Amino acid sequence: QKEVEQDPGPLSVPEGAIVSLNCTYSNSAFQYFMWYRQYSRKGPELLMYTYSSGNKEDGRFTAQVDKSSKYISLFIRDSQPSDSATYLCAMSGRTQGGSEKLVFGKGTKLTVNP
Amino acid sequence: GAGVSQTPSNKVTEKGKYVELRCDPISGHTALYWYRQSLGQGPEFLIYFQGTGAADDSGLPNDRFFAVRPEGSVSTLKIQRTERGDSAVYLCASSSYGGGAYNEQFFGPGTRLTVL
């Protein structure tokens, strides 16, 4: 079993829909939970991060972390065609040598249709 | 300001050849990471530098892979005797290092390596 599981999709929704993306994980040492967006042939860019359990909102994006269930979610409200990308969940916990290495899910490919 | 840059953007090589991939981190970032992203997968950690030293190389798949960061800035990932399974996008990320606080990793665009 991989440390982080994410349904790769693909996921296709109409413009304006609410999108729900999620990941599960097995390592209880993870402390930081991130969502990255990756456009084709580009590097990942950070959307949001959350420390420990709880919710965090930033504009149309809401991130939720439930450490008791080892489950994280990203919600996108009023989705736009420009949101079409691959969304990667990532997690980290301090490890060897102070490394904050990220453990990623496979990514979910999202298409928002006009 | 300038972000993380990686060169070359694409590299095609033949099986058995040696390749070097370069990463220029954001100025002043002491932490540097290399990841490898295979097709349809998320990035996987390879190695972490804090300054000039490799503090965590637990993700390197075997001894054909090696990385250096001699002056604490630019880093080079070196792959010897390349194999077709090494084909992937190699991503570099850098961050400031602030002890216990969260430090965002900023990613470069990656080098797409194809081994024929």
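The values are calculated or read from the model by the stated rules, or taken from the named source; none is laboratory data. For clarity, every value in this text was computed on a predicted model and none was experimentally measured. Cβ atoms come from the backbone with ideal geometry, glycine included; neighbour counts cover every protein chain shown. For accessibility, only protein heavy atoms count, side chains too; no ligands or nucleic acids. Shrake-Rupley method; radii C 1.70, N 1.55, O 1.52, S 1.80 Å.
If you check A:PHE75 against the conditions, is it closer than 25 Å to B:LEU32 by Cβ and hydrophobic (A, V, I, L, M, F, W, C)?
Taking the combined requirement at face value, the residue does not satisfy it.
For region A:13-35, which positions are crowded, with 20+ Cβ neighbours inside 10 Å, within 11 Å of chain B (Cβ to nearest Cβ) and either more than 14 Å from A:PHE104 (Cβ to Cβ) or in contact (Cβ under 8 Å) with a residue 60 or more places away in the chain (or both)?
A:CYS23, A:MET34
Matching residues to (1) modelled with pLDDT of 95 or more; (2) over 11 Å from the mean Cα position of the chain (by Cα); (3) over 30 Å from B:THR7 (Cβ atoms); (4) not hydrophobic (A, V, I, L, M, F, W, C):
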| position | (1), (2), (3), (4) |
| --- | --- |
| A:GLU3 | no, yes, yes, yes |
| A:SER12 | yes, yes, yes, yes |
| A:GLY16 | yes, yes, yes, yes |
| A:ASN27 | no, yes, yes, yes |
| A:LEU46 | yes, no, no, no |
| A:THR50 | no, no, yes, yes |
| A:LYS67 | no, yes, yes, yes |
| A:CYS89 | yes, no, no, no |
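Name the pairs: first residue in region B:1-27 and in contact (Cβ under 8 Å) with a residue 60 or more places away in the chain, second residue assigned to a loop (DSSP other than H, G, I, E, B) and charged (D, E, K, R), Cβ to Cβ under 7 Å, at least 6 apart or on different chains?
B:LYS15/B:GLU83; B:GLY16/B:ARG81
Could we say that A:MET91 is within 10 Å of chain B (Cβ to nearest Cβ), touching a residue at least 40 places away in the same chain (Cβ under 8 Å), surrounded by 13 or more Cβ atoms within 10 Å (Cβ to Cβ) and not in a loop (DSSP other than H, G, I, E, B) here?
no
Can you tell me how many residues in region B:1-29 are among the acidic types (Asp, Glu) and either outside any loop (DSSP other than H, G, I, E, B) or surrounded by 14 or more Cβ atoms within 10 Å (Cβ to Cβ) (or both)?
Adding up the residues that qualify gives 2.
Somewhere in region B:75-94, is a residue within 24 Å of A:LYS109 (Cα to Cα), open to solvent by 10 Å² or more (accessible area, probe 1.4 Å) and not in a strand (DSSP E or B)?
yes
Just the residues that are more than 13 Å from every other protein chain (Cβ to nearest Cβ) and within 11 Å of the chain's Cα centre (by Cα), please, taken from region B:48-78.
Listed by number, the residues that qualify are B:PHE65, B:PHE66, B:ALA67, B:VAL68, B:ARG69, B:VAL74, B:SER75, B:THR76, B:LEU77, B:LYS78.
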